[in-house]
Amino acid sequence: MKSGKPGWDEQFGIQAAALCGSDLHPARVTAVDRGRYVIRNAQDELPAELTGKFLHEATSSVDMPCVGDWVCVQYHDAGASASIHDVLPRRSFLRRKAPGKHIDFQMIAANIDVAFIVQSCHFDFNVRRLERYLVMVNEGQIEPVLLLTKTDLVSTAELERMMGSIRAAGITALIIALSNLTGEGVAQVREAMEAGKTYCLLGSSGVGKTTLINQLLGQDALQTGAVSGTGEGRHTTTRRHLITLDNGALLIDMPGMRELGIMSAGEGVADSFADIKVLSGQCRFSDCSHEREPGCAIRKAIENGELDAAHYQSYLKLQAESDFNEMSYLDKRKKDKAFGKMVRTVLKARRK
């Protein structure tokens, strides 16, 4: 790794040489806020803007830079600001369906090695939501680690029950139980983070993500909200931001996500429900619909109590949601292209 560049390695160096050339320089996006960018190079953080050419050539929201991206930049004002000309290919990514009824992708972050999926034991624990996060993480080729916070608010028996329900859902990812109040488990999180690798925190608002970051930094660098009477924290993070820890590990803090829409996540769904994929391969018929066919391993496993019916229904729901949103997105793209072609034809005719 080249010293001073956060998360830089030889592969990015090869890509930058080909894409940036000799006139532009590689830098990493550390924050995005309403179309404004902050980048970091080997010396400092500075503001950056997209060039007009970049904006003109971008065909979708996926093309726009996000936190964690490596970009090719040109410096201005003696290095005090920069313009972004291109984005290097992403090694991994986090994305979801854009919130609301709009059918489009929303890029969340890129080039992440490990995603810490955070759930509070006290008020937020939900295996079905956890499965959604896992689909998002697996789709983007990111390693998941599960953090169960606020263990001081539940009994040992309750914590063991929660862990058991996670394993019963076929989830094999590492689980770290921790308490920001007592500090238990925080050292284990710190030890799991390697220098030069990029991590992110995913979870609902108020589960203790910002407090955990302050614990890892060893100082109250980030503002946290007061805890409510139920033990639920109050959301304070308002934008995604890449932070460098003392040991050289990189961490992306991000706001809690209220909506976790799944789009075009076929492989992510399959990877997140590997137990169901294995059982499907044991059905008598390769095209088994798992409804009425004889020799269905899925139905047999549910009847025998070997497969949780709610876990299987979650798989069907997420797969159907992914397929529907992908079809809607592709249909929208076709209409957008058709509309653009019509506009160009009309403008061309008017010029004659």
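Read-outs throughout are calculated quantities, based only on the coordinates presented, and are distinct from any laboratory measurement. Computed from a predicted model, the values in this text were never measured in an experiment. Here Cβ is always computed from backbone atoms with ideal geometry, including for glycine, and neighbour counts include all displayed protein chains.
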Residues of type aspartates and glutamates that Lys53 reaches as a straight line, Cα spacing below 17 Å, ignoring anything fewer than 8 places off in the same chain: Asp23, Asp63, Asp86
Computed over the stretch 1-65, the ratio Rg/Rh where both radii use C-alpha atoms and Rh is Kirkwood: 0.97
MRE, 222 nm, helices only [DSSP H, n ≥ 4, -39500 (n - 2.57), over the chain, to nearest 500]: -11000 deg cm²/dmol
Amide hydrogen neighbours beyond the local backbone of Gly203, cut-off 5 Å, H modeled: Val118, Met257
Cα-projected label distance for Gln15 with Leu181, points at 7 Å along beta-carbon direction, nm: 4.3
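Please sort by residue number the trypsin sites (Lys or Arg not before Pro) in the stretch 1-90 whose DSSP state is loop and whose Cβ has at most 14 other Cβ atoms within 10 Å.
Passing both the DSSP loop test and the Cβ count: Lys2, Arg34.
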Cα-projected label distance for Asp323 with Glu143, points at 7 Å along beta-carbon direction, nm: 3.3
Dimensionless Rg over Rh [the chain; C-alpha; Kirkwood]: 1.01
Spread of Cα-to-Cα distances over 5 Å intervals beginning at zero, given as percent, for the stretch 93-253: 2, 8, 18, 22, 22, 16, 9, 2, 0
DSSP-defined beta bridges in the stretch 93-253 - what % are antiparallel, rounded to 5: 30
Extension gain, Ser61 back to Arg284 (0.36 nm per residue minus Cα-Cα distance, nm): 76.0 nm
Highest-fluctuation residue, Gly196, Gly170, Gly218 considered, GNM on the chain with Cα pairs under 10 Å: Gly218
Cα-projected label distance for Glu291 with Ala42, points at 7 Å along beta-carbon direction, nm: 6.2
DSSP loop GluC sites (Glu not before Pro) with at most 16 other Cβ within 10 Å: longest gap in the chain: 1-183
Highest-fluctuation residue, Lys334, Lys209, Lys277 considered, GNM on the chain with Cα pairs under 10 Å: Lys334
